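Just below is one structure, and these are the notes that go with it.
Only the coordinates and a few stated rules stand behind these numbers; no lab work does. In this text, all values refer to a predicted model and were calculated from it rather than measured experimentally. Here Cβ is always computed from backbone atoms with ideal geometry, including for glycine, and neighbour counts include all displayed protein chains.
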Amino acid sequence: IGADRKMAGKQSPWSADEALQDILMSDWSVSFTSLYNLLKTKLCPYFYVCTYQFTILFRAAGLAGNDVITALISPTTRGLREAMKNEGIEFSLPLIKENGQEKKASRTSLGHEEEQAMSDEDEEESFSWLEEMGVQDKIKKPDILSIRLRKEKHEVQMDHRPESVVLVKGMNTFTLLNFLINCKSLIATSGPQAGLPPTLLSPIAFRGATMQMLKARSVNVKTQALSGYKDQFSLEITGPVMPHSLHSVTMLLKSSQSGSFSAGLYTHEPTAVFNICPPVTEVQDKETVHEELANCGLHPKTLDQLSQTPVLGKSSLRHVKMSDYIYNWRS
């Protein structure tokens, strides 16, 4: 996604031309804002912002079980999260919170106050024997700085990992929009994407958009069967196949192949975490979602699928098979 390899490097006219880069970024900002407004008015179901460092998935209200606009960012770094905090963007780390709840649930039935009392008691005992030996002054208790450093180390350790996925909801997504438009680090300074704004991927047209064709290759081979040989057809599609397209292809194959086909899928790994189930405050009515997103450009069955709460977690579909109109899949 981004610049053609043939145009990369020294031949890129924009890599060293700041004026041209400013024009590209200005046009990109208009396109990005246009796409967000379409999402806000529910004329666009979702779209991706693909930078050289991370990917963002914006979803319209009603998709993935949420009643507000959401944005998932993956992978993130401590620097990015701090920058977002400084801009007043409220966000959560769904996987970190989830792990914390699991740890809390797995604790014994001891109450919080009792645990705290035991912790304090243990700490006092650990220093009391040092006092008896007369070396308590030589042993330093953990200070605020060391505790903070340990916390920061933990935050840095999850950088670039699935656990670093960030969830932004509601009006904070608009603040995120402005943050991204003004964020200079979105643009790569070297490599094939040097000087280029991030790529916007959307299932619908938007201001400044262009339609790109994916590469497709079909192969026909003969395979051995009980009664001799039979023809087997395969279709290989290379490029960013978006969720609605995958669902449309499966519906097409279901009817054209008499309910029997299989598909192997290769996911862009950093985006697999977008399949997590975000916290849902209120379950929306199915009919309401269909009515509000009726003009978003998706097939009703596809819309029904994408409006459901995700169940794959941090994994993604790897293999889909239909036999006698019954689906089987692996992640």
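In loop segments of region 268-331 as defined by DSSP, the chymotrypsin sites (Phe, Trp or Tyr not before Pro) with at most 12 further C-beta atoms inside 10 Å of their C-beta are Tyr325. For region 215-330, the square roots of the Cα gyration tensor eigenvalues, ordered a ≥ b ≥ c, give a/c of at least 1.5 with a/b greater than b/c, which places it in the prolate category.
Each part reduced to its alpha carbon centroid, region 35-57 and region 235-295 end up 16 Å apart. Packing, taken as the mean count of other beta carbons within 10 Å per residue, orders the peptides 229-236, 47-54, 254-261, 189-196 from highest to lowest as 47-54, 189-196, 254-261, 229-236.
Among Met171, Met242, Met322, the order by Cβ neighbours within 10 angstrom, fewest to most, reads Met171, Met242, Met322. The order of Ile23, Ile89, Ile69, going from fewest to most other C-beta atoms within 10 Å of their C-beta, is Ile23, Ile89, Ile69. Karplus-based coupling profile of region 322-330, in residue order and whole Hz: 10, 9, 6, 6, 10, 7, 9, 8, 10, with θ = phi - 60° in 6.51 cos²θ - 1.76 cosθ + 1.60 and x standing for Gly or Pro.
In this structure the amide hydrogen of Ala209, modeled in the peptide plane, comes within under 5 Å of no amide hydrogen from residues 5 or more places off or on another chain.
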